Structure formats: structure tokens, C-alpha cells
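Step one of this worksheet: look at the structure below.
The values are calculated or read from the model by the stated rules, or taken from the named source; none is laboratory data. Fair warning: this is a prediction, and the values are worked out from it, not measured in the lab. As a convention, Cβ positions derive from the backbone with ideal geometry for all residues, glycine included, and neighbour counts pool all protein chains shown. In case anyone asks, the SASA skips ligands and DNA or RNA and just uses the protein heavy atoms, side chains included. Shrake-Rupley method; radii C 1.70, N 1.55, O 1.52, S 1.80 Å.
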Amino acid sequence: MRGILGFIVMIQGVMGFVGQVFFDRAWGLLPHWFDLPSAAYVGLFAAGAALAVWGDADKKRKAKQLRDRTGAGAV
């Protein structure tokens, strides 16, 4: 779930930054509710990337624990 949420936050950060820097206004859902500077959109992208990496690492850790518990030699 963290990975999906992180991906959505990353998209909002990129759309807001690209829209605000290269076009006339920010894109996405956040500009409808908040007036954020460009640096905040970069921060949102970084936060989303961190969530996505955290979710992926947690998924791999849980898969490894399950594989170790039910692997060859397990009773």
C-alpha cells in the first residue's frame, strides 16, 4: 500500500513541478486546494519516492522471511 501511495505522491510532485516551472500553472489535484512553491513539489516527489522504496523493501523483507520459514529443511 505504501508503494502505491508513494507512486501517486511522486506523480503529483512531478506534475506540480513541471507545470509550475515550464508552463503557466501547476498541474494535478494539489493546486486545486493548496498554493505550493516549486520546491514543495520537489519535496513531495522525494517523499513519494521514499514511500515507494520503503514499501518495496518491506515487501521484499516479508517475502524473504516467508521463504526462509518455508524453505528447504524447514519442519
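Longest exposed-loop-site-free stretch of the chain, with chymotrypsin sites (Phe, Trp or Tyr not before Pro), DSSP loop and at most 10 other Cβ within 10 Å? Could the numbers behind the result be given before it?
Details: sites that count: PHE23, PHE34.
Answer from the scan: 35-75.
Pick the calculated Cα extents along the principal axes in Å for this structure from (1) 45, 19, 16; (2) 63, 17, 14; (3) 60, 40, 17?
The value computed from this structure is option (2).
On a C-alpha basis, how far is the centre of the range 31-48 from the centre of the range 1-16 in Å? Whole number, if you could?
11 Å
Taking only protein heavy atoms and a 1.4 Å probe, what accessible area per residue, in Å², does the chain have with all protein chains in place?
It amounts to 76 Å² per residue over the chain.
Report the extension gain between VAL42 and LEU29 in nm, rounded to one decimal, defined as 0.36 nm multiplied by the number of residues separating them, less their alpha carbon distance.
Numbers: separation 13, 0.36 × 13 = 4.68 nm, distance 1.54 nm.
Contour length minus Cα-Cα distance gives 3.1 nm.
With every protein chain present, what accessible area does ARG67 have (1.4 Å probe, heavy atoms only), rounded to the nearest 10 Å²?
ARG67 exposes around 140 Å² with every protein chain in place.
Which residue, chosen from MET1, MET15, ALA49, occupies the Cα position most advanced towards the positive end of the dipole of the range 1-66, where the dipole is computed from +1 (Lys, Arg) and -1 (Asp, Glu) charges on Cβ about the Cα centre?
MET1
Compute the relative contact order of the range 15-75 as a whole-number percentage, counting only Cα pairs closer than 8 Å that sit 6 or more residues apart in sequence.
In percent, rounded to a whole number, it is 23.
At 222 nm, what helix-only mean residue ellipticity would the chain give, in deg cm²/dmol to the nearest 500, using -39500 (n - 2.57) for each DSSP H run of four or more?
Calculated mean residue ellipticity at 222 nm is -26500 deg cm²/dmol.
With the chain treated as a Gaussian network of Cα nodes joined by springs under 10 Å, which of ALA47, ALA26, ALA39 yields the largest mean-square fluctuation?
Taking springs between Cα atoms under 10 Å, the residue moving most is ALA39.
State the percentage of accessible surface on the range 26-65 attributable to carbon and sulfur atoms; use a 1.4 Å probe and exclude ligands, DNA and RNA. Before the final figure, lay out each step's value.
Values: 2000 of 2830 Å².
Accessible surface attributable to carbon and sulfur in the range 26-65 totals 71 percent.
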